[in-house]
Amino acid sequence: MAKARAALLALIIALLLSTAARAEFTVCNQTLDVVNLAVGQEIDSAFQTDGWWTVGANQCVNVIREELSNRYIYVYATDVFGHPILSGATDMCIEKRRFTIRGIEECWQRGHIAAAFYEVDTLAQVRWTLFLTGQGP
């Protein structure tokens, strides 16, 4: 009986571990506002931006689900009115609606919107969590 219980427990743990999504870049919104989030990173020798994720107050979202291969990830966040709440010095392209954009040059000329993304140094770790506090990262 004890062996059967141990085997059942081991099976349950194995199933839980195999189906659990492992987030490799997570953004946690520790503000009282809903945040819209866009992320940029280098993929296949070109920069790519993706958006939008909506993150409720005191919630987290898994943005990049595979292990990080880039030391730097770029993040741009706005409030629900579109006002930037996290921006930086790296210009990348965004859209008003959900998007994936390859390249960061000449956003306006290509019909996109230029936005200043914040550079996150992950210290070359394979997993990273960014906490938005409303007073910078």
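The values are calculated or read from the model by the stated rules, or taken from the named source; none is laboratory data. Every value quoted in this text rests on a predicted model; they were computed, and no experiment measured them. When we count neighbours, we look across all protein chains shown, and the Cβ atoms used for this are built from the backbone with ideal geometry, even at glycine.
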**Complete:** Selection from the stretch 43-62 of residues under 16 Å from ILE94 (Cα atoms) and within 11 Å of the chain's Cα centre (by Cα) yields THR49, ASP50, GLY51, TRP52, TRP53, THR54
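So that you can scan it fast, the table gives a plain yes or no per residue for (1) within 20 Å of ALA46 (Cβ to Cβ); (2) touching a residue at least 60 places away in the same chain (Cβ under 8 Å); (3) not aromatic (Phe, Trp, Tyr):
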site	(1), (2), (3)
ILE94	yes, no, yes
TRP108	yes, no, no
ILE113	yes, no, yes
ALA116	yes, no, yes
LEU123	no, no, yes
**Prompt:** Which members of the stretch 24-57 meet the condition of being touching a Cys at 6+ places or on another chain (Cβ under 8 Å) and over 18 Å from ARG98 (Cβ atoms)?
**Reply:** THR26, CYS28, ASN29
**Item:** Subset of the stretch 41-84 [at positive phi and acidic (Asp, Glu)]
**Value:** ASP44
**Request:** Please go through the stretch 70-92 and pick out each residue that is in contact (Cβ under 8 Å) with a residue 40 or more places away in the chain and either of a type in the set (Ser, Thr, Tyr) or farther than 24 Å from ALA116 by Cβ (or both).
**Result:** TYR72, TYR74, TYR76, THR78, THR90
**Request:** Using the structure shown, decide if TYR72 is buried (at least 20 other Cβ atoms within 10 Å of the Cβ) and modelled with pLDDT of 95 or more.
**Result:** no
**Fill in**
Filter the stretch 92-104 for residues that are assigned to a loop (DSSP other than H, G, I, E, B) and over 16 Å from the mean Cα position of the chain (by Cα); the one that is surrounded by the fewest Cβ atoms within 10 Å (Cβ to Cβ) is ARG97
**Fill in**
Per the filter on the stretch 105-117, residues in a loop (DSSP other than H, G, I, E, B) and within 19 Å of ASN36 (Cβ to Cβ) are CYS107, HIS112
